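Single-structure report; data block below.
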Amino acid sequence: LLREVKYFLILGLEVPESVMKIFSSADAFRSWNGSLDLIVNMNNSVLNNLLPVEKPLVNPYLAKFDAVVQRGLASLNWSSDGVDEFIKESMEQVKCMHDVLKTMKDNLAQIQDAVKQWDTPMIERAVKPTDTDEFERTFNSMKA
């Protein structure tokens, strides 16, 4: 509708006043649409990258985000008051959720890197029994 109104105005055609009222808010609609797309993409990213074992840790954030979104779905439309506040609150919640998951993933990567350093055994098991002196020499040479 907005694109057609733009072309009607360029061609100098008459546009009804009700349509012009909607057209005057075109920039707000584009901004809202972009923000909502970003919110959806961030939420989908969180849901796609979330492992089943991580879900209990993120569930409170998911529930809070879902509650905010549900309020908007139930009571808002494009001409409602409070759309900007809804988008702002939704963005804050999805960013929080995204940041928590990113922190969890980063911490896991650091832990895995630290554990990889211990990949080699500290003491090699000998095929045959060894006496105490030989064991101590082997152990001390590995320590150094």
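The values are calculated or read from the model by the stated rules, or taken from the named source; none is laboratory data. Quick caveat, the model's predicted, so the values are computed rather than measured. Cβ placement follows ideal geometry from the backbone for every residue including glycine, while neighbour counts extend to all protein chains displayed. These area figures cover heavy atoms from the full protein model, side chains too; ligands, DNA and RNA do not enter into them. Shrake-Rupley method; radii C 1.70, N 1.55, O 1.52, S 1.80 Å.
I need the calculated FRET efficiency for the pair Lys6 and Leu38, taking r as the beta carbon distance and R₀ as 22 Å, to the nearest 0.05. Given R0 = 22 Å and the Cβ-Cβ separation, E is 0.35. Above 25 Å, the calculated P(r) of the chain contains 59 percent of its Cα-Cα pairs.
Remark: the chain carries 79 Å² of accessible area per residue (probe radius 1.4 Å; ligands, DNA and RNA excluded).
Roughly to the nearest percent, how much of the accessible area of region 21-144 is carbon and sulfur, given a 1.4 Å probe? Whole-percent figure for carbon plus sulfur exposure: 56. Averaging the sequence gap over all C-alpha pairs within less than 8 Å and six or more residues apart, then dividing by the number of residues, gives the chain a relative contact order of 22 percent. Structure remark: mean-square fluctuation, Gaussian network model of the chain, C-alpha springs under 10 Å; the largest value among Trp78, Trp32, Trp118 belongs to Trp118. Largest mean-square fluctuation among Val115, Val69, Val100, in a Gaussian network model of the chain whose springs join Cα atoms under 10 Å apart, belongs to Val115.
Using equal-weight Cα scatterers in the Debye expression, the normalised intensity of region 37-102 in log10 at q = 0.14, 0.22 Å⁻¹ is -0.41, -0.89.
Sorted by packing (mean other beta-carbon atoms within 10 Å per residue), highest first, where do 6-17, 54-65, 85-96 land? Numbers along the way, then the final one.
Working: 6-17: 9.8, 54-65: 14.3, 85-96: 16.7.
Sorting 6-17, 54-65, 85-96 by mean packing, highest first, produces 85-96, 54-65, 6-17.
With the cut-off at 20 Å, tell me which of the pairs Lys55/Lys95; Lys55/Lys105; Lys6/Lys88 have Cα atoms farther apart than that. Intermediate results must be reported in sequence, preceding the final value.
Working: Lys55/Lys95 17 Å; Lys55/Lys105 12 Å; Lys6/Lys88 29 Å.
Where the Cα-Cα span goes over 20 Å, the pairs concerned are Lys6/Lys88.
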